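A short worksheet on the structure shown next.
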Amino acid sequence: MTERETTRLVAWSNELRQVHLRIRDALEVTRQAVRDGTGQQATRDLLLYCHGFCAALDGHHRGEDRALFPAIEAAHPDLAPVLRALEQDHSMISHLLQGLRQAVERSATPDELDRHLEGVAAIMENHFRYEEKQLLTVLENLELDAAVKEVFGPL
């Protein structure tokens, strides 16, 4: 195995960590926009931040469901229950994101938006920690011939 191949194998675990950090940062920017927001410009900014955050998180999970989890399951069938639990989290987070989108579109109050974001943040953080605990070691040795964007979304 060449050094480049070894680096690419280890990179899947690094990529997952980096994507999670970027999504956490996007959530914080969105929450700050809610805290700071007043007036029409703030509403437009919030729409942009929420749309970007929701699209990033949703795209990340779709990529995992479509490309990453099947590759992990093929190499490690014993992880099927873990992968089903993570997919269930993805479904729950998607439902919470839809509620956030609807609240933003109807110009909900900052308090209501913050409650939506707090709920997403709590589930998302728990999900990320569990995912990293269960999969980082597996990802260090996973052979997957795919583009990073296919596996982890457009971040």
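Nothing in this text is a laboratory measurement; each read-out follows from the coordinates by a stated rule. The model shown is predicted, which means the values in this text are computed figures rather than measured ones. Counting neighbours? That spans all protein chains shown, and the Cβs are built from the backbone with ideal geometry, glycine included.
Between ASP114 and ASN141, what is 0.36 nm times their sequence separation minus the Cα-Cα distance? Round to one decimal in nm. Can you show the working numbers first?
Details: separation 27, 0.36 × 27 = 9.72 nm, distance 3.91 nm.
Here the segment from ASP114 to ASN141 would lengthen by 5.8 nm.
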*So what is the diffusion coefficient of the stretch 35-107 in µm² per second by Stokes-Einstein at 20 °C and 1.002 mPa s, using a Kirkwood Rh over Cα pairs?*
153 µm²/s
*For the stretch 85-143, which GluC sites (Glu not before Pro) are in a loop by DSSP, counting at most 12 other Cβ atoms within 10 Å?*
GLU143
_Under 8 Å for C-alpha pairs, at least 6 residues apart: give me the relative contact order for the chain, rounded to a whole percent._
44 percent
